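Participant: I'd like to ask you about the structure that follows.
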Amino acid sequence: MPETGTVARGHDRLSFATTERRPHARHQPRASDRSSLMVRIQRRPKGTPTRRVRTDSAHAAWQALRADIKGKQGESIVRETLASCGLPTLHDVHLPSMTGPGFTQIDHLVLLPDAVMVIETKHYSGRLSGHPADRWWRQRVGTEKDGRLVLSPVHQNMGHCAAVRAVVAPIALDFQVVSRVVLTGSAETDPMLAECVLNPEILAGEIRAATHRAPHASRTRIWDHIMVTQRKRPVASV
């Protein structure tokens, strides 16, 4: 029960009530609650790596995913560049392969007045070395000494051009098929390789300059044939 009292202040009497203070009751968790709140801490055995080491299959899957993400990023940059040029374009084209069974995937096709431009896009970092005629180039990132071998995009696009040429030739043998490799990342190239790769800005300038050439008589027919052929691609391509 609360106790009451009075305090005299001048002619007034002020009544007040005091309450009995009780200590704050803490919530005491049950044994089952305490066990659920415990964090198990395990000591790392001496000499083991500080980070979990991926298996070979997991590392390969991670590398493939990372390459796919970078590839899509580069293709998106080139897609925007081509859209600003105002010429007919196709992206992610699948045509029958001339170098093996199945279909081959082409990043971009551009219809010029007298040619089809076949574009292979790469989003690399580091430094690229090699020769334009080599099947493999070497990529070094940061302070890497040996780096890794990467398939030459020039060599890769040769197969793409062969697939396009097989579609174009039955209509017009004199309609050109030209190959271009575009680098969208931060990679630096050796002088020899610099001659066979472009950046998006140079690519756009070349395409705009080509628009002034006289159009080929079979230009529209060839483009229609490419679109019909690439629509027949299967769900999975190589």
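The values are calculated or read from the model by the stated rules, or taken from the named source; none is laboratory data. As the structure is a prediction and not an experimental result, all values here were calculated from the model. Here Cβ is always computed from backbone atoms with ideal geometry, including for glycine, and neighbour counts include all displayed protein chains. Just so you know, the surface numbers come from the protein's heavy atoms only, side chains and all, with ligands and any DNA or RNA stripped out. Shrake-Rupley method; radii C 1.70, N 1.55, O 1.52, S 1.80 Å.
Participant: Of all residues in segment 88-134, which are within 18 Å of THR189 (Cα to Cα) and open to solvent by 20 Å² or more (accessible area, probe 1.4 Å)?
Facilitator: LYS122, HIS123, TYR124, SER125, GLY126, ARG127, SER129, GLY130, HIS131, PRO132, ALA133, ASP134 - these are the residues of segment 88-134 that are within 18 Å of THR189 (Cα to Cα) and open to solvent by 20 Å² or more (accessible area, probe 1.4 Å).
Participant: Which of (1) open to solvent by less than 30 Å² (accessible area, probe 1.4 Å); (2) without any contact (Cβ under 8 Å) to a residue 40 or more places away in the chain; (3) farther than 21 Å from HIS108 by Cα is the odd one out, the single condition TRP137 does not satisfy?
Facilitator: Failed condition: (2).
Participant: Can you name the residue in segment 166-221 that is of a type in the set (Val, Ile, Thr) and assigned to a loop (DSSP other than H, G, I, E, B) and is also surrounded by the fewest Cβ atoms within 10 Å (Cβ to Cβ) among such residues?
Facilitator: Checking each candidate, the answer is THR211.
Participant: Could you list, in sequence order, all residues of segment 95-122 that are of a type in the set (Asp, Glu) and either touching a Cys at 6+ places or on another chain (Cβ under 7 Å) or assigned to a strand (DSSP E or B) (or both)?
Facilitator: Of everything in segment 95-122, those that are of a type in the set (Asp, Glu) and either touching a Cys at 6+ places or on another chain (Cβ under 7 Å) or assigned to a strand (DSSP E or B) (or both) turn out to be ASP107, GLU120.
Participant: Give the residues of segment 147-163 that are open to solvent by 20 Å² or more (accessible area, probe 1.4 Å) and free of Cβ contacts under 8 Å to residues at least 24 places away in the same chain, sorted by residue number.
Facilitator: Result: GLY147, ARG148, LEU149, LEU151, HIS155, MET158.
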